[in-house]
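These notes are about the structure you will find just below.
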Amino acid sequence: LEEAFVDFVYQPYLKRDGEIIGVLVHAVEITEQVALRKKAEQSEQRLRNLISEAHVATGVYTGREMKIEYANDAMIRVWGKDRSVIGKTLREALPELEGQPFHELLDNVYTTGRMYWGKEDKVDLMVNGKLETGYFNFTYTPWRNIDGQIYGVLKMAIDVTEQFLYKSRVEELVAARTAELAEANLELQRSNDELSQFAYIASHDLQEPVRKLMLYSDYMLHRYTGQMDPKGIEYLKIIHSVSGRMRT
């Protein structure tokens, strides 16, 4: 005994004079199609269960108008709405998205069949009556039927607002510290330049008197050696020696 499914029509079978003499039957077996449909329905139900239990914010939008077919509790919390949004289009449920790029991105995924992956994308959402800015990693994936035709988009999103703001603060601190170090380096360079200039001027100004000390002490050693006592000669040699070291 096998179970089968059939589409059929019973209609009167008439003679030329209009007398009914039987029943005409038209029948088409659709067992295979029914089995495929049941498998698709079971798969869809399993998917609904997975979406419902997922910790990641997940939703399915169907049709080009992006009607919200499913959305788990995590997605509802991200939106800051309640479950009354189910069955509405995305434009109806989240009017604050107007002017942001998401409708265009969804339409492109629906049209081309290419997945979109967003990283730290900014989104403004009306959460509990207040417009708030968040940052999300998310994917838009084409949603296909058993024939491979796209009839919607699957969205999965992770809120990374806290990490994004922390990273931004760190980057600001690093930028500020880098600017401080750059300014300190400039100040150090200016100080080094001033010191070099001072050293050059000091060296130049000292060269002449030191040269004269060496010149006259050398002259006196050669000119008056025989006329000076040994102690005086020793002092002149010391003057000549330390003047040489100072010039160097």
Output for the range 128-248 (equivalent-ellipsoid semi-axes, sqrt of 5λ from the C-alpha gyration tensor, Å, descending) is 87, 15, 11
Regarding the chain, what's the average projected area of the Cα-atom convex hull, expressed in nm²? 33.9
Over the Cα atoms of the range 29-122, what is the Rg over Rh ratio if Rh follows Kirkwood? 1.03
Distant-in-sequence amide H partners of Tyr70 (H built 1.01 Å from N, under 5 Å): Val60
Given Cβ charges of +1 for Lys and Arg and -1 for Asp and Glu, the option among Gly63, Tyr13, Val109 whose Cα lies farthest towards the positive end of the dipole of the chain is Val109
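With the full set of protein chains in place, find how many percent of the accessible area of the chain is carbon and sulfur; take the probe as 1.4 Å.
Numbers: 9980 of 17910 Å².
Carbon and sulfur atoms account for 56 percent of the accessible area of the chain.
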Once ligands and nucleic acids are excluded and a 1.4 Å probe is used, how much of Leu213 is accessible, expressed in Å² to the nearest 10? 90
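Working with all protein chains in place, sort Leu215, Leu154 by solvent-accessible area computed with a 1.4 Å probe, largest first. Intermediate results must be reported in sequence, preceding the final value.
Working: Leu215 90, Leu154 30 Å².
Correct descending sequence by accessible area is Leu215, Leu154.
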The relative contact order of the chain, taking Cα pairs under 8 Å that sit 6 or more residues apart, comes to a percentage of 11
Regarding the range 180-248, what whole-number volume in Å³ per residue does the convex hull of its Cα atoms give? 71
Calculated from backbone phi, Karplus (6.51, -1.76, 1.60) coupling profile of the range 111-126 in Hz, x at Gly/Pro: 7, 8, x, 9, 5, 10, 10, x, 10, 6, 6, 7, 9, 9, 10, 7
If amide H atoms are modeled at 1.01 Å from N in the peptide plane, then the residues at a separation of 5 or more from Val127, or on another chain, having amide H under 5 Å from its own are Glu132
Roughly how much of Tyr116 is accessible, in Å² to the nearest 10, using a 1.4 Å probe? 70
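Given a 1.4 Å probe and heavy atoms of the protein chains only, how would you sort Trp79, Trp117, largest accessible area at the top? Write down the numbers at each step before the final one.
Values: Trp79 5, Trp117 150 Å².
In descending accessible area the options line up as Trp117, Trp79.
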Mean separation of Cα contacts under 8 Å, 6 or more apart, over the residue count of the range 24-95: relative contact order %: 22
Highest GNM mean-square fluctuation among Ala40, Ala179, Ala27, for the chain with Cα springs under 10 Å, belongs to Ala27
Over the range 1-56, give the accessible area per residue in Å² for a 1.4 Å probe, as an integer. 92
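The values are calculated or read from the model by the stated rules, or taken from the named source; none is laboratory data. Everything quoted here is computed from the prediction, not taken from an experiment. Don't worry about glycine lacking a Cβ; one is built from the backbone with ideal geometry, like all the others, and counts go over all protein chains shown. The protein model used for the area step is the full one, side chains on, heavy atoms only, and it has no ligands, DNA or RNA in it. Shrake-Rupley method; radii C 1.70, N 1.55, O 1.52, S 1.80 Å.
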